[in-house]
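Worksheet: one structure, shown below.
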Amino acid sequence: MSDTQYLAASTIEEAVNAHSKANGSARFLAGGTDLLVQIKSGIRKPNLVIDVKKIVELNSIEEISENEFVVGASVSGVNLNRNKKFSKLWPGVLEAFRLIGSEQIQGRASLGGNICNGSPAGDSVPALIAAGCIALIAGPNGKREIPIEEFHIGPGKTVLDNGEMLVSLKFPKREINSSDAYLRMTPRTEMDIAVVGCGVNITFENNVCTAARVSLGAVAPTPLLIREASKIMVGSDLNSEILDKVSNICMDLCDPIDDKRGTIDYRTKVAGVLFKRATLTTIDRIKGN
Amino acid sequence: MAKIQVSTKINNENVDYLCEPHDTMLDVLRNQLELTGSKESCGSGDCGSCSIILDGELVCSCLMLAAEAEGSKLETIEGMSEGGKLHALQQKFLEKAALQCGICTPGFLMASKALLDHNPSPTETEVRFWLAGNLCRCTGYDKIVKAVLEVADDMKESA
């Protein structure tokens, strides 16, 4: 890392310009809890590290209209946790983000960093996909927006082109009778990487599901949005037959790796179980239990 | 290559230093500023022995660049005692023998202080979860947890 330069950018424009000029040899630095480990171990050797934490848009949590939030890409876990209104509206997103690492890591690690690191097992991503977040991206050719489920194209690979930066995440306006949940399975209870993660986001009124999004992490090269789940769940009362049906779909769509932390069979089975549990937790939250 | 000039406040004193772009905060604390209480054990954010408090938040100083500290306020283990008097946590760790080899101790103390700063009366479960980012390979966790809980109780009685 001895040839690396450091730049603390104060505007999006400055960061984007510096990144595009570096022609692929620059990395954006938010919390640094992934990037510094990668640099120290030689996995990444950037010539330029661009610190984005001083850019206002990246470091703020804004309620742009009643119950509609935009969260900056470099906002840390402890800071998001302090926003009581956001925590109440999006408990699943918050619990997913807060599962990442220790308190020390939570003090630095950012939501945007977890997304841009591109791990198929990143805990925040299934919760954000279930939430229906839009990624706001800035680049040398201006701004663009894409649904977060289209952000990842493979392990460690995202849609970001040279010079492009994830600025913030736009959450849909939160409707009443809605909630979300994220559950993950890890061999240990803390400080571990998901073997399976599942995010569920539901609107449930008068015992009828009117909106549903389900996402799975760590069971495929990228986090998955289970589109078929929404079709079956919406209009139903989410009885056990419906949940069994969706659980089977979740298992069918799994395409996990086989490693020391979980076999293919195990990850697949757990995906179905976590979907059901996360859904029941979400319903409990909507009912205020 | 030009060094970066950084102005900070460390343990309530203004401290300016010059660092290389690749220096971590821990490198500068230990090798330049002679604040060697923060330890480097894993260097990858897993063990917590380099824990410091940065602008009120508990962080691993091995996972931040020294250049990132510009304008920040840092607390390290060296600033924990005041005027030669040990902090209540330090005193209780001694009384309860909440340390064995001592390498993890500065990190545990900083983490415990950050916990009590944010949450003055934690439950045992909250203490254990909060301290999950600090590893003690002598495996003396019980005494550490009890020491933190007792300090929280003492604080309540004296309040």
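No lab work stands behind these numbers, since they all come straight from the coordinates. In this text, all values refer to a predicted model and were calculated from it rather than measured experimentally. FYI the Cβ positions are ideal-geometry reconstructions off the backbone, even for glycines, and counts take in every protein chain you see.
What the table below lists for this structure:
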{"quantity": "Projected label distance in nm at A:ASN141 and A:ARG227, using a 7 Å step from Cα toward the beta-carbon", "calculated": "2.4"}
{"quantity": "Highest-fluctuation residue, A:LEU89, A:LEU183, A:LEU128 considered, GNM on chain A with Cα pairs under 10 Å", "calculated": "A:LEU89"}
{"quantity": "Average Cα contact separation per residue, chain B, under 8 Å, 6 or more apart, as relative contact order %", "calculated": "23"}
{"quantity": "Shape parameters for chain B, alpha-carbon atoms, Rg then Dmax in Å", "calculated": "15.8, 56"}
{"quantity": "Ranked list, fewest to most other Cβ atoms within 10 Å of each Cβ, for A:VAL75, B:VAL6", "calculated": "B:VAL6, A:VAL75"}
{"quantity": "Residues with amide H under 5 Å from that of A:ALA194, placed H, sequence gap 5 or more", "calculated": "none"}
{"quantity": "Proportion of all alpha-carbon pairs of the protein assembly as shown beyond 39 Å (%)", "calculated": "24"}
{"quantity": "HN-Hα J in Hz across the range A:229-244 - Karplus 6.51, -1.76, 1.60, θ = phi - 60°, x for Gly and Pro", "calculated": "4, 4, 4, 6, 6, 5, x, 9, 9, 6, 6, 5, 5, 4, 5, 4"}
{"quantity": "Two-decimal log10 I(q)/I(0) for the range A:60-170, as the Debye equation yields it once each C-alpha is a single scatterer, q = 0.16 Å⁻¹", "calculated": "-0.68"}
{"quantity": "Lys pairs, the range A:178-287 - Cα-Cα below 17 angstrom, 8 or more residues apart or on other chains", "calculated": "6"}
{"quantity": "Under 18 Å from B:LYS96, Cα to Cα: aspartates and glutamates that are on another chain or at least 8 residues apart", "calculated": "B:GLU124, B:ASP142, B:GLU150, B:ASP153, B:ASP154"}
{"quantity": "Per-residue [θ]222 nm for chain A (sum of -39500 (n - 2.57) over DSSP H runs n ≥ 4, rounded to 500)", "calculated": "-9500 deg cm²/dmol"}
{"quantity": "Shape parameters for the range B:88-158, alpha-carbon atoms, Rg then Dmax in Å", "calculated": "10.9, 34"}
{"quantity": "Cα-only Debye scattering, the range A:5-51: base-10 log of I(q)/I(0) at q = 0.18 Å⁻¹", "calculated": "-0.49"}
{"quantity": "Computed over the range B:88-158: relative contact order in percent, which uses C-alpha pairs under 8 Å that are six or more apart", "calculated": "48"}
